[in-house]
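Please read the structure below before turning to the comments.
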Amino acid sequence: MRSPRRILIGAASYADARAALRLARRMAAQSQAVVGGLLVEEEFLRLLPRLGRQRVVTASGALRDVPTGEQVARMIEHDAKAFQAALSELAKSAGPLERRRGELTVAAWDAARGWDVLVYGQRETHGLSGRIVLIAPPAGAHSDAPPLAEDLAREMGTTSITLGLSPDASDRVDEVYPSEAALLGRIGRLNCAAVVLDRAGGPIHSVEQLRELLAAARCPVVLVGQPTEAVAATPA
């Protein structure tokens, strides 16, 4: 496997990071990769205690009382310790977990400069093994994303599918779509184990596009290479 040398995993919780950690283990299996972690405390966590006596729905569908500020702080610290322990178990070269506040989409993109691969951690909601989905860079562009997608599919014992945008799609693309909206719609209908794309080649170039991709994928999203510039900030 042509493993990247530096892999950063960004997530808003340890539960979201688990699937990304499994992917990173595959990528780092045959090299002395440096693996880093970023835990982002998102704004809604600090707002939860203000909801008073309202109740929230957990990931399992259960109704729970809104946690207090002290309980939220304990949950975040528990997540940080579990995330750090998993990083240390995955790679001896893993450094200390980086922690930030803000929106995961932007924070992880900015933190990943200098890393070969950025993995957005998302818990898989479908519960089924799926395919590796490659969003193809433009025809003729040199990118490590296609071989990494192939390697991941082989290591995970699954298949891959390559999606592209017209008119820039190459001959190796399995399915071509006329717009980003149509491509993201297709991803939303697929059962994906991971979505892989090139950070510089695109076609994701803004925060809004990245948010839409993460929402459609419902699984870890792997961004390969260095962006040509910071992702353009747009309102949530």
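None of the figures in this text is laboratory data; all of them are computed from the coordinates on show. Owing to the predicted nature of the structure, the values given are computational and were not obtained by experimental measurement. Cβ sites come from the backbone with ideal geometry, for glycine too, and all protein chains shown count toward neighbours.
Overview of values
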| read-out | value |
| --- | --- |
| Mean Cβ count within 10 Å, highest first, over the residues of peptides 35-41, 155-161, 214-220 | 35-41, 214-220, 155-161 |
| Placed amide H near Tyr177: partners under 5 Å, 5+ positions off or other chain | Gly164, Leu165, Ser166 |
| C-alpha center-to-center spacing [region 177-194, region 129-162] in angstrom | 14 Å |
| Mean Cβ count within 10 Å, highest first, over the residues of peptides 175-183, 21-29 | 21-29, 175-183 |
| Per-residue ³J(HN,Hα) for region 137-154, Karplus 6.51 cos²θ - 1.76 cosθ + 1.60, θ = phi - 60°, Hz, x for Gly and Pro | x, x, 4, x, 7, 7, 8, 8, 5, x, x, 5, 4, 4, 5, 4, 4, 5 |
